[in-house]
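I have placed the structure first, in the form of C-alpha cells, so that the comments after it can refer back to it.
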Amino acid sequence: MTKIVAFGLLLTIASCSNLPFGKRPAPTQPKVAVTPVEPARTKPEVKGPTAVWYLHSHDRVTLYLRNVDDTSSASMILEKGLNRFPIPEGHWELTGFEEADRSFTSMNTSKKFVFRVRPRSTTYAGSIVIGCPKVQSDDFKFLKPMKFFDRYPFSSEVGLCEMIVGNDFASVKTEFKKAHKTKGLNLTIGF
C-alpha cells in the first residue's frame, strides 16, 4: 500500500514540475478599429484612396463607419467645411455619429447611407446637415444647391437626431480643387 501512495506522490510531484508556475500567457489583444482620423485639410500628399465630406451644420462631428465587404470599422472626425480622409477601398456604411459628447446610432436596419471607395481614388462621400430631433428650416439653405439628398434617423439615450446626406458635388468639387491646388486629383462620386 505504501508503494502505491509513494508512487502516486511521485507522479503528482513529477506532473507539477511541468506546470508553468509564474509564467502567464500573454494577453490577447482585441481587434482594434481604425482610430479616429483628423481631417487632412491642406495635405495633398495623402496617399491611397480617400473620402471627401462636406459638413454644413456643426463645428465638429465624428462619423462611425463599417465596411460592408469585410466588416472592419473606421471613424472620422469632421470639422465644418471640406474634409478629406484616407480610407481603405470598399463599400462603407454610416452606422452612427458623435456630436458634443452624445453618440447616436442608425435606426434604420434596411436603409443606411453607403458609399463606395475605389482603389487609388478620391471619392466624394457626401455633404452632411444634422439636426436634433429634425433638421431645422434655418438649415434648408444648405439643401437647395444639392441635386438630391436623403434623410437618415439616428437615436441615443438623450433623444433622436436626423442626418441629411446629399449630393452637392459641383460646389464641393470646385472648393476641393481650390483647396488642394493640384491637377492630379480627380474627385469622383461614391454613391
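Here are a few things to note about the model shown:
Listed here are the residues, each with its yes/no results for (1) in contact with a helix residue (DSSP H, G or I) (Cβ under 6 Å, 6 or more places away or on another chain); (2) in a strand (DSSP E or B); (3) on the phi > 0 side of the Ramachandran plot.
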residue: Thr71; (1), (2), (3): no, no, yes
residue: Met76; (1), (2), (3): no, yes, no
residue: Gly81; (1), (2), (3): no, yes, yes
residue: Arg84; (1), (2), (3): no, yes, no
residue: Thr95; (1), (2), (3): no, yes, no
residue: Thr109; (1), (2), (3): no, no, no
residue: Lys112; (1), (2), (3): no, no, no
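- Listed by first and then second residue, the pairs with beta-carbon distance under 6 Å, at least 6 apart or on different chains, first residue in the range 66-81 and in contact (Cβ under 8 Å) with a residue 24 or more places away in the chain, second small (Gly, Ala, Ser), are Arg66/Ser73; Asn67/Gly90; Ser73/Ala33.
- Checking each residue in the range 140-166 for being surrounded by 12 or more Cβ atoms within 10 Å (Cβ to Cβ) and of a type in the set (Gly, Ala, Ser) picks out Ser155, Ser156, Gly166.
- In the set (1) surrounded by 12 or more Cβ atoms within 10 Å (Cβ to Cβ); (2) within 15 Å of Ala51 (Cβ to Cβ), Cys132 fails one condition alone, (2).
- Residue that is nearest to the chain's Cα centre (by Cα) [pool: residues in the range 120-135 that are at pLDDT 90 or above and part of a loop (DSSP other than H, G, I, E, B)]: Ser121
- Every condition in (1) without any contact (Cβ under 8 Å) to a residue 60 or more places away in the chain; (2) out of contact with any helix residue (DSSP H, G or I) (no Cβ under 7 Å at 6 or more places or on another chain) holds for Pro145 except the one numbered (2).
- The single condition among (1) within 20 Å of Met76 (Cα to Cα); (2) open to solvent by 60 Å² or more (accessible area, probe 1.4 Å); (3) among the hydroxyl-bearing types (Ser, Thr, Tyr) that Thr122 does not meet is (2).
- Yes/no for Phe140 being of a type outside the set (S, T, N, Q) and in contact with a strand residue (DSSP E or B) (Cβ under 7 Å, 6 or more places away or on another chain): no
- Within the range 167-180, considering residues that are open to solvent by 50 Å² or more (accessible area, probe 1.4 Å) and over 30 Å from Asp101 (Cβ atoms), the one nearest to the chain's Cα centre (by Cα): Lys173
- Candidates Phe191, Phe142, filtered to the one that is of a type in the set (Phe, Trp, Tyr), more than 19 Å from the chain's Cα centre (by Cα) and either closer than 16 Å to Trp53 by Cβ or not in a strand (DSSP E or B) (or both): Phe142
The values are calculated or read from the model by the stated rules, or taken from the named source; none is laboratory data. These numbers were taken from a predicted model, which means no experiment stands behind them. So basically every Cβ, Gly included, is an ideal-geometry build from the backbone, and we count neighbours across all protein chains shown. Side chains are part of the model used for accessible areas, which takes the heavy atoms of the whole protein and leaves out ligands, DNA and RNA. Shrake-Rupley method; radii C 1.70, N 1.55, O 1.52, S 1.80 Å.
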